[in-house]
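**Student:** A single structure is presented below for examination.
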Amino acid sequence: MGEIVIGALASMLICLFLSPRFIEFLRNREFGQHIREEGPEGHQTKAGTPTMGGLIIFTAIAVPFLVLSGHGIASMTVFFVALGCAALGFADDFIKIVKRRSLGLAARYKLVVQVFLALVLWWVARHEVGLEPVLLFRAFDISIDIGPVLYFVLVFLVIAGSTNGVNLTDGLDGLAAGSSAIVLLTYTAITFVTAGQQDLALFAVCLVGGCVGFLWFNAFPATIFMGDTGSLGLGGAIGALAVMTQTEVLLIVIGGIFVIEALSVLIQVFSFKTFGRRVLLMAPLHHHFEMMAWSETKIMLRFWIIAAVCSGVGFAIYQQSIGS
């Protein structure tokens, strides 16, 4: 328990200490965010805000985690997948900055990297950790054997879905960082109450500490954005934790806020292409409320509440499943 508390505090303090210097470094080199022209009009004032804050988050979590953990294969693999996704996001951010555009790395390259990371995670989960290729519906105490091939597909979908979900949520100051902290706090509790997963709990709580420290500078009005470096890295961490805890299906509930944001985009695209009509004023969902003249702070806080409710329900289901 002591290592968990130390890890969270250390990550938060490192983030708080490094962020001002990193923000100044980015400003001096004009490494700022490029805003999409089709986005909300008010966001144009955010153009030039330093980005790639995910580098600070993952630096802040790496030091205490590597020092305090037992370097178990499960936790180190989750760490590797998270760093791999963060590196993918960094490449995306860097291309946007260098080419001064809102579009970064081509989708096919992202897909190749995600498939590779999913393959590593699948191999370790199956052959090193010894997880069975099953689909667990914990709310109903149902287990379905899907075989190793479909299990790999599941792992890939979890990684791709979680990274894209967090990335889509990263559209307002503090929204993705706060929502991720809530979801990761739930995974800290899940791994802490499960025997043999203390290293995973340490990794999850270090991420919570890093997100909280980053929020000091990312909350409205943000002085730095996490960029794809942060959103893809946090999404990869959440997805990998879901695989290692066999909560792939339950992640739909725990990460409900990310699912809602992703579904809002899918519904908007489907409706427009099929019927020529938009369901929302703008997607993802948080932009819809912006267009309704809600303040960023109001949207952020209410979405955090939704994230907390979803995570709380998910943890209750998990607790019931392991106790039955």
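Read-outs: derived from the displayed coordinates by stated rules, not from any lab. Please read these numbers as outputs of a predicted model, since none were measured by experiment. Neighbour counts run over all protein chains shown; Cβ positions are idealised from the backbone, glycine included.
**Student:** Given the peptides 307-317, 137-147, arrange them by the average over their residues of other C-beta atoms within 10 Å, most packed first. Write out the running numbers ahead of the final one.
**Tutor:** Numbers: 307-317: 18.6, 137-147: 12.7.
With the highest mean Cβ count within 10 Å placed first, the list reads 307-317, 137-147.
**Student:** Between Lys99 and Val67, what's the calculated FRET efficiency when r is the beta-carbon distance and R0 is 51 Å? Round to 0.05.
**Tutor:** Details: r = 38 Å, r/R0 = 0.74.
The value I calculate is 0.85.
**Student:** With unit charges on the beta carbon (Lys/Arg positive, Asp/Glu negative), name the residue among Met292, Trp304, Val279 whose Cα is farthest towards the positive pole of the charge dipole of the range 249-324.
**Tutor:** Of the listed residues, the answer is Val279.
**Student:** Going toward the positive end of the dipole of the chain, with +1 on Lys and Arg Cβ and -1 on Asp and Glu Cβ, which of Met226, Gly130, Ala316 do you reach last?
**Tutor:** Met226
**Student:** Checking the cross-link filter: which aspartates and glutamates have an alpha carbon closer than 19 Å to that of Lys99, excluding same-chain neighbours under 8 positions apart?
**Tutor:** Within the straight-line limit of under 19 Å, Lys99 reaches these aspartates and glutamates: Glu30, Glu37, Glu38, Asp228.
**Student:** Next up: For a quick protection proxy, order the peptides 189-202, 53-66, 170-183 by their average other-Cβ count within 10 Å, most packed first. Walk me through the numbers before you get to the answer.
**Tutor:** Numbers: 189-202: 18.9, 53-66: 23.8, 170-183: 27.0.
The densest-packed peptide leads the list: 170-183, 53-66, 189-202.
**Student:** Oh, and also: How big is the C-alpha Rg of the range 205-324 next to the rule-of-thumb value 2.2 N^0.38 Å, as a ratio? Provide the component values of the computation, followed by the final result.
**Tutor:** Numbers: Rg = 16.4 Å, N = 120, 2.2 N^0.38 = 13.6 Å.
Dividing the Cα Rg of the range 205-324 by 2.2 N^0.38 Å gives 1.21.
**Student:** Relative to the compact globular guide of 2.2 N^0.38 Å, what is the alpha carbon radius of gyration of the range 62-217, as a ratio? The partial results should precede the final answer.
**Tutor:** Details: Rg = 16.7 Å, N = 156, 2.2 N^0.38 = 15.0 Å.
Ratio of Rg to 2.2 N^0.38 Å for the range 62-217: 1.12.
**Student:** Using a 10 Å cut-off on Cβ atoms, rank the peptides 213-220, 126-133 from the highest mean neighbour count down.
**Tutor:** Numbers: 213-220: 21.0, 126-133: 13.5.
Put in order of decreasing packing, that is 213-220, 126-133.
**Student:** Determine the dipole magnitude for the chain: charges of +1 sit on the beta-carbon of Lys and Arg, -1 on that of Asp and Glu, nothing else is charged, the reference point is the Cα centre, and the result goes in debye to the nearest 20. Kindly include the intermediate steps, with their values, before the conclusion.
**Tutor:** Working: 18 positive and 20 negative charges, 153 e Å.
Dipole magnitude for the chain comes out near 740 debye.
**Student:** Okay, next question. Enumerate the amide H contacts of Met282 below 5 Å, restricted to partners 5 or more residues apart or on another chain; note that Pro and chain-start residues carry no placed amide H.
**Tutor:** When sequence neighbours closer than 5 places are left aside, the close amide H contacts are His288.
**Student:** When the Cα atoms of the chain are enclosed in a convex hull and the volume is divided per residue, what value in Å³ results? Intermediate results must be reported in sequence, preceding the final value.
**Tutor:** Details: hull volume 42.1 nm³, N = 324.
Each residue corresponds to 130 Å³ of Cα convex hull volume.
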